[in-house]
Amino acid sequence: MPFTLPIALAGGLIIWALPSGDYAPTRVLGHIFIGYCIALVMWPNYLAIALPSLPWVTLLRVFGVPLIVLFLVCISSSGNFRLHLADIIRSDSAMWRLLAGLVVVQTGTILLADDIGNTINRYILVQMNLTAIFIVSCFVFVRRGFGELWVGLFLVMCAILCVVGIWEWRLQRVPWAGHIPSFLRVQDETVLKILRGSARAASGIYRVQGPATTPLGFAELLGLAVPFAVHMMVEQYRWLARVAAAAFIPLAIFVILLTDSRLGVVAALASVLFYILGWALLRRRQFKNSLLVPAILLAYPSILIAGVASTFFVGRIRAEVWGNGAQTASNDARVEQWEMAIPIILRNPFGRGTGQGADALGWANQAGTISIDSYYLSVLLEWGVIGFLLFYGLMLRGVWVAGMIVVKHQVEREVRLVIPLAVALLNFVIIKSVLSQDANHPLAFMMLGAVLALGYRAAKTSAESDIKPPTLAATAMAKAAR
């Protein structure tokens, strides 16, 4: 790998030296971005071309690397592109500063890592799949129609994966196991374990995992999709789209139950509770004389308390959210990890480098595998307390920006997608308390970029509407003065 560094530097120099002109491939960015999204959601990332001493050639990288290269070409060659992107990013300076601060912390912790080579590798992946995807999203989601196209595609892909998940449950293994072409077979013990499938040790029940590496990752993906289905069901879309969205919600919840993952159930329940608040805030601005909207807002604390209380007092919901005897080992493991991590964090609050969290913690499961269950712990151990505040501050800032868009602006239908985007980001923050896997993190950073882009559009539309055209009398007076 070190010998590839001169090639990368030479490529960067060529891009930097490109002459200015109007040939920047800005339209192609959107097409490759869609391909990246499809690869991220649909393709099992453990099926790859594995060449000796080189990174795996996954479908996600097949789209991700050209996407980033073309984006850099656009920045290097087009002054208009740079100005437009800068305007979008500056529309909320706090979000940009949080992201820049996070990148600085991630870079600084490289020097604190025990395994610098592995840390640099993981650091590059983070910058490609998170930071770069956020910035690209800021540009592509500004285009009219792109947000609704992305949401529709996301829900269609998740619906297909739900059908595949039911098929997997009937087979008790992933459908492609035993049918993988030789050039995509990775001879790795982790990959072989994924293809064998998984079951909870206490119950022996098979857990559906879809194209994800674990059932938890699959449940997280479906949990992030539910807010968008709720939004399409209640918004002013065609009846066929609304019926399809309504049908997707019970299908997704059923497959989440097949994953036997509590975090997916929590995300589905939180989607409904959080969306009610966002919907009421939006309708309050649209229908100022409505009696229903103030009633919902006044009753919302009671609705929220009732929803949380149901997880304690309704037997089936309590079992799915807080678990029963079968989940005791999982609960105990998370408690034990926090007890081990707190002294480590206090001794070194600055972090130990990207990808070094699990090794720094040193907790192993019954099979002897080093593991970590909470991304809160991962961030604290890898990027320190400051990195933790910046990472989750960035997520919550995205939620706040989405809320302010709804409250301050009279927004068009596509911009109202900020409501499910905010709900999905809140779900993401909740899920990360019990899940450390980062396979779906590019989705969260896409959503952050979408919030910033849609907020820019909303502010620009409001500013244009405030500029009133001159009246006929004013025009006549101006002509007389001339």
Q: Considering each residue of region 360-384, count those that are open to solvent by 10 Å² or more (accessible area, probe 1.4 Å) and at pLDDT 90 or above, and give that number.
A: 4
**Q.** Flag if Ala402 is closer than 17 Å to Gly264 by Cα and open to solvent by less than 10 Å² (accessible area, probe 1.4 Å)
**A.** no
Q: From Val140, Val164, Val151, Val174, grab the single residue that is within 14 Å of Ala212 (Cα to Cα) and open to solvent by less than 10 Å² (accessible area, probe 1.4 Å).
A: Val174
**Q.** region 298-316, residues that are exposed (fewer than 12 other Cβ atoms within 10 Å of the Cβ), small (Gly, Ala, Ser) and within 22 Å of Ser261 (Cβ to Cβ)
**A.** Gly315
Q) For the subset of region 326-351 comprising residues that are open to solvent by 60 Å² or more (accessible area, probe 1.4 Å) and modelled with pLDDT under 75, which member is farthest from Thr369 (Cα to Cα)? A) Thr328
Q.
For region 177-193, give me the residue count where each residue is assigned to a helix (DSSP H, G or I), closer than 18 Å to Thr58 by Cα and open to solvent by 20 Å² or more (accessible area, probe 1.4 Å).
A. 6
(Q) Quick check on region 214-235. Is at least one of its residues in contact with an Asp or Glu (Cβ under 7 Å, 6 or more places away or on another chain) and surrounded by 19 or more Cβ atoms within 10 Å (Cβ to Cβ)? (A) yes
Q: Restricting attention to region 70-95, report how many residues are over 22 Å from the mean Cα position of the chain (by Cα), open to solvent by less than 50 Å² (accessible area, probe 1.4 Å) and not aliphatic (A, V, I, L, M).
A: 6
Q. Open to solvent by less than 10 Å² (accessible area, probe 1.4 Å), aliphatic (A, V, I, L, M) and either under 17 Å from Ala267 (Cβ atoms) or touching a strand residue (DSSP E or B) at 6+ places or on another chain (Cβ under 6 Å) (or both): does that describe Leu435?
A. yes
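Among Leu98, Leu72, Leu130, which is modelled with pLDDT of 90 or more and farther than 21 Å from Val399 by Cβ? Write out each step before concluding.
Numbers: Leu98 fails: farther than 21 Å from Val399 by Cβ; Leu130 fails: farther than 21 Å from Val399 by Cβ.
The conditions single out Leu72.
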Q) Just one of the numbered conditions (1) over 28 Å from Phe391 (Cα atoms); (2) surrounded by fewer than 16 Cβ atoms within 10 Å (Cβ to Cβ) is not true of Ile124; which one? A) (1)
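Suppose we keep only residues that are farther than 16 Å from Glu235 by Cα and part of a helix (DSSP H, G or I) within region 275-296. Which one would you say is least open to solvent (accessible area, probe 1.4 Å)? Don't jump to the end; show me each part of the working.
Looking only at region 275-296, we keep the residues that are farther than 16 Å from Glu235 by Cα, and these are 288-292, 294-296.
Applying the additional criterion that residues be part of a helix (DSSP H, G or I) yields 292, 294-296.
Working: Leu292: 102, Pro294: 59, Ala295: 51, Ile296: 33 Å².
Restricting to residues being farther than 16 Å from Glu235 by Cα and part of a helix (DSSP H, G or I), the top hit is Ile296.
Looking at region 248-256, can you tell me whether even one residue there is at pLDDT below 85 and open to solvent by 30 Å² or more (accessible area, probe 1.4 Å)? Show your work before the answer.
Step one: filter region 248-256 for residues at pLDDT below 85, giving none.
No; the residues of region 248-256 include none that is at pLDDT below 85 and open to solvent by 30 Å² or more (accessible area, probe 1.4 Å).
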Q. Name the pairs whose Cβ atoms lie under 6 Å apart, with the first residue in region 293-307 and among the aromatic types (Phe, Trp, Tyr), the second part of a helix (DSSP H, G or I) and surrounded by 10 or more Cβ atoms within 10 Å (Cβ to Cβ), and 6 or more positions between them or separate chains?
A. Tyr300/Leu277
Q: Pick out the one residue from Leu454, Leu390 that is at pLDDT 95 or above and over 13 Å from the mean Cα position of the chain (by Cα).
A: Leu390
Q) So is Leu421 within 13 Å of the chain's Cα centre (by Cα), open to solvent by less than 20 Å² (accessible area, probe 1.4 Å) and hydrophobic (A, V, I, L, M, F, W, C) or not? A) yes
Q: Please enumerate the residues belonging to region 16-37 that are among the β-branched types (Val, Ile, Thr) and buried (at least 16 other Cβ atoms within 10 Å of the Cβ).
A: Thr26, Ile32, Ile34
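The values are calculated or read from the model by the stated rules, or taken from the named source; none is laboratory data. Bear in mind the structure is a predicted one, so any value in this text is a computation, not a measurement. No Cβ is skipped: glycine too gets one built from the backbone with ideal geometry, and neighbour counts run over all protein chains shown. In case anyone asks, the SASA skips ligands and DNA or RNA and just uses the protein heavy atoms, side chains included. Shrake-Rupley method; radii C 1.70, N 1.55, O 1.52, S 1.80 Å.
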